[in-house]
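Taking it in order: structure first as structure tokens, then the write-up.
The values are calculated or read from the model by the stated rules, or taken from the named source; none is laboratory data. Nothing here was measured: the structure is a model prediction, and the numbers come from that model. Heads up, the Cβs are rebuilt from the backbone with ideal geometry, glycines too, and the neighbour counts pull from every protein chain shown. Heads up: the accessible areas ignore ligands, DNA and RNA and are worked out on the full protein's heavy atoms, side chains in. Shrake-Rupley method; radii C 1.70, N 1.55, O 1.52, S 1.80 Å.
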Amino acid sequence: QQLGTPLSNQEYRQFFRSLQAAHRASTACLLRELYGCQNPLVRRLDEYENHGAIPEGPICSELPGTPFFPDFCTFSFYRCTMKRYFIKV
């Protein structure tokens, strides 16, 4: 896969397998909230989710009414806040 592209559906299932329980996904979001997107662990998760590179610039989404976000960090915070962990870009 090309650097910075989102994972495929199969890759997402594998990526989120360890986060399937709501408390695990919430823990990952809590880390993001407490330490921000520059935290090394949060950055590693973001890079893994995007084939090794965190996308820069606007992020397009599949959300009706919310077509884009200014950056991947904002997009990830939105997913955490709305508890919509599996939204793809």
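At-a-glance table
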item	result
Computed [θ] at 222 nm, helices only, for the chain once each DSSP H run of length n ≥ 4 contributes -39500 (n - 2.57)	-15000 deg cm²/dmol
Amide proton proximity set for ILE59, modelled H, under 5 Å, gap of 5+	PHE69, ASP71
Solvent-accessible heavy-atom area per residue, rounded to whole Å², over the chain at 1.4 Å	65
Calculated from backbone phi, Karplus (6.51, -1.76, 1.60) coupling profile of the stretch 54-64 in Hz, x at Gly/Pro	7, x, 9, x, x, 10, 7, 10, 8, 8, x
The chain, accessible surface, carbon-and-sulfur percent (1.4 angstrom probe)	56
Rounded accessible area of LEU63 (nearest 10 Å², 1.4 Å probe)	10
Cα principal axis extents for the stretch 9-82, largest first, Å	28, 26, 25
Cβ-based net charge around ILE54, under 12 Å, with every Lys or Arg adding one and every Asp or Glu removing one	-3
